[in-house]
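Q: Input: one structure, supplied below.
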Amino acid sequence: MGQEFLSLFQLETKRLLWLIGISFAAILTFQYLEFPYRTVLFSDDKTPTAGSSTFLASDELVNNVTFFNRTNCTGDQSFVIANKTLISRENDTFPKTGFVLEPGSTPNKSLGFDESDQNSVAESIKRPDSVPEIQLIGDVIPSSFNNTIGLSFFTNHSEEDNISSRTEQNSETSYDSLPNVSTNIIATVLSNDSTVSLFQKDNISNSIKEEGVRPSQNDAKISVPAENKDSHTPIPEVTTVSEMNNLLLQSHASYRSMRPRWYSDVDQELLQARSEIENAPIVKNDPNLYAPIYQNFSMFKRSYELMEETLKVYVYREGARPILHSPFLTGIYASEGWFMKQMEANKKFVTRDPNKAHLFYLPFSSRMLEEALYVQGSHSHKNLIQYLHNYIDMIAGKYNFWNRTGGADHFLVGCHDWAPGETKVDMANCIRALCNADVKEGFFFGKDASLPETYVRNAQIPTRDLGGNSASKRKTLAFFAGSMHGYVRPILLQHWENKDPDMKIFGKMAKSKGNRNYIQYMKSSKYCICAKGYEVNSPRVVEAIFYECVPVIISDNFVPPFFEVLNWESFAVIVLEKDIPNLKNILLSIPEKTYLRKQMRVKKVQQHFLWHKNPVKYDIFHMILHSIWYNRVFSARAR
């Protein structure tokens, strides 16, 4: 009896050992094979932390990336960003130009949200439900996306529509096999460490590590070989207009925002609009529009018609003044104020029923945010970012529409230089209409829109002094005047100030009543030089059009306004920064016939850049709204 029991025990032990061995072998086999969801069961690495993990995609090593999780967008996608590209503005001192603001404000007074300077950026993003740095939601990687846009996404086709709300603490994420990703589309938002930005790179990286922004326990681990320092492909220094057009087309073909948590009629209306725009009937002439200044005149005309027929916008009423609902109407940042004023007063597009809205407007002013909260000389923007974080938390907590799309159907309009940095944390998934539309600072083609920077001198008559001399009376070849902001303008003056009678290139001009000297030069010059300042944008671009002077844009990687529809090369001249020494030759090489054609087209495009006290068809208000509508239509996701 004892011998039989011993034999049986030995047999069962052998079976158990075989079972354990087979199971372990199977696990090891699956560990190194590609799962449909790429889940790694065992790894020598701990759960990925900010700045520590890498991943392997299609046999090409993509190194030094940071893996983030956003719980309210689970079931659709996750985002990877290069942790070496978070650049800083905090060590730079920025001049502040004061303007008389229409709404009175007292800096740093209580604004209804926690604006304590003690809150760190890490604290504002440490919770699992916070939006990670530069997280852009998408579910498809454009097959040949240029590395100048620098965004890589995991593809996820999970049928889970049960997306967590912003306040949920945990999520379950699954990943399909990664698409074909090469090193020339490594996720990079900013590429040049000398470029100033809103955040201190090292401080952000350290804060994220300290505060524990990590995937939740349910997130899949990603294990890859050690970093190969030679695998990085250099980011091009300059993205040409042609390349920008390609990026836009690729984005429209491939990029889709996250799957809505639930579907409604507005989603189908957006998809129907897209189909009609893509199949727009050919139109060659229109009494109110000039076809040659557009990328695709037929598509623009049909899209604008559908916007007028279909679009409904819900404007959030929540939020304390002066940062919210306080438009200012003069100065170089006036675009956001004029849009806010006219959007909130609009009866055609605004709906009081958010269930019928295709878009949701977040009516805050980036200029007033800086005016009210920034502490002079502090070089800290933490409280500005915290304010927006609290605002979004309040909106998401009160309404369920933010969580329906992860903010993809929400939009903001910000013209201050800091707006990209202030909004790239909690509002990264929104459609951002930005004056500072810089390819190198995370401008996302097909989602974000380039906002015209308009210098409004008279809020009562915004079109005062409109127009200029006829082409035959423009005797000056080129004109520029302005403060020595940034690195480009000193180079411009070094080569051309007082060097040539045809080139009227000055520094800051002496003040004159109504800025008459400056305006007269613009009205009487053939070409108006629009050189970047601290950032890529300049009000001179719109000023040149306002005074019917052909704009000469010298600002590498600047995305011109209304880029989705306007053909800027048809009415403007774009000169690379490196070609400043050859500027006069470039302008003289343009045949007189070509110049006359461009100058005539400047007059034709002018209507799209004018503010009116009451909006009129095709004016700047409608064109800004159209850019936002157009990008939403082309990013909306089918069932």
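Q: If you scan segment 431-460, which residues turn out to be under 19 Å from residue 330 (Cβ atoms) and either buried (at least 24 other Cβ atoms within 10 Å of the Cβ) or not polar (S, T, N, Q) (or both)?
A: Of everything in segment 431-460, those that are under 19 Å from residue 330 (Cβ atoms) and either buried (at least 24 other Cβ atoms within 10 Å of the Cβ) or not polar (S, T, N, Q) (or both) turn out to be 435, 451, 452, 453, 454, 455, 456, 457, 459.
Q: Now a separate question. Is it true that some residue in segment 239-262 is of a type in the set (Val, Ile, Thr), open to solvent by less than 40 Å² (accessible area, probe 1.4 Å) and not in a helix (DSSP H, G or I)?
A: yes
Q: Quick check, is residue 624 outside any loop (DSSP other than H, G, I, E, B) and surrounded by fewer than 18 Cβ atoms within 10 Å (Cβ to Cβ)?
A: Judged against the criteria, residue 624 is not a match.
Q: Does residue 558 qualify as being crowded, with 19+ Cβ neighbours inside 10 Å and under 17 Å from the mean Cα position of the chain (by Cα)?
A: Here the answer is yes, as residue 558 does meet what is asked.
To keep it simple, each residue is scored yes or no on (1) closer than 19 Å to residue 266 by Cβ; (2) outside any loop (DSSP other than H, G, I, E, B); (3) open to solvent by 20 Å² or more (accessible area, probe 1.4 Å).
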{"residue": "377", "(1), (2), (3)": "no, no, yes"}
{"residue": "383", "(1), (2), (3)": "no, yes, no"}
{"residue": "407", "(1), (2), (3)": "yes, no, no"}
{"residue": "429", "(1), (2), (3)": "yes, no, no"}
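Q: Between 347, 341, which is closer than 23 Å to residue 537 by Cα and open to solvent by 30 Å² or more (accessible area, probe 1.4 Å)?
A: From the options 347, 341, the qualifying one is 341.
Q: Of the residues 352, 321, only one is without any contact (Cβ under 8 Å) to a residue 40 or more places away in the chain and in a loop (DSSP other than H, G, I, E, B); which?
A: 352
Q: Listed residues 294, 304, 333, 374; which is under 21 Å from the mean Cα position of the chain (by Cα) and of a type in the set (Ser, Thr, Tyr)?
A: 333
Q: So which of 317, 302, 352 ends up being surrounded by fewer than 20 Cβ atoms within 10 Å (Cβ to Cβ), closer than 28 Å to residue 599 by Cα and modelled with pLDDT of 95 or more?
A: Numbers: 317 fails: closer than 28 Å to residue 599 by Cα; 352 fails: closer than 28 Å to residue 599 by Cα.
Matching residue, one of 317, 302, 352: 302.
Q: Inside segment 477-511, can you point out the residues that are touching a residue at least 40 places away in the same chain (Cβ under 8 Å) and open to solvent by 20 Å² or more (accessible area, probe 1.4 Å)?
A: Residues satisfying the conditions are 483, 485, 486, 491, 495, 496, 500, 502.
Q: Please determine whether any residue of segment 326-336 is free of Cβ contacts under 8 Å to residues at least 60 places away in the same chain, crowded, with 20+ Cβ neighbours inside 10 Å and in contact with an Asp or Glu (Cβ under 9 Å, 6 or more places away or on another chain).
A: Checked segment 326-336: no residue is free of Cβ contacts under 8 Å to residues at least 60 places away in the same chain, crowded, with 20+ Cβ neighbours inside 10 Å and in contact with an Asp or Glu (Cβ under 9 Å, 6 or more places away or on another chain).
Q: Looking at residue 633 and the list (1) open to solvent by 20 Å² or more (accessible area, probe 1.4 Å); (2) touching a residue at least 12 places away in the same chain (Cβ under 8 Å), which single condition is not satisfied?
A: If we test residue 633 against (1) open to solvent by 20 Å² or more (accessible area, probe 1.4 Å); (2) touching a residue at least 12 places away in the same chain (Cβ under 8 Å), just (1) comes out false.
Q: What are the residues in segment 263-273 that are outside any loop (DSSP other than H, G, I, E, B), open to solvent by 30 Å² or more (accessible area, probe 1.4 Å) and not aliphatic (A, V, I, L, M), if any?
A: Once the filter is applied, which keeps residues that are outside any loop (DSSP other than H, G, I, E, B), open to solvent by 30 Å² or more (accessible area, probe 1.4 Å) and not aliphatic (A, V, I, L, M), segment 263-273 yields 265, 268, 269, 272.
The values are calculated or read from the model by the stated rules, or taken from the named source; none is laboratory data. What you see is a predicted model; the values in this text were computed from it and never measured. Cβ: placed from backbone, ideal geometry, glycine included. Neighbour counts: every protein chain shown. Remember, those area values only see protein heavy atoms, side chains included, never the ligands or the DNA or RNA. Shrake-Rupley method; radii C 1.70, N 1.55, O 1.52, S 1.80 Å.
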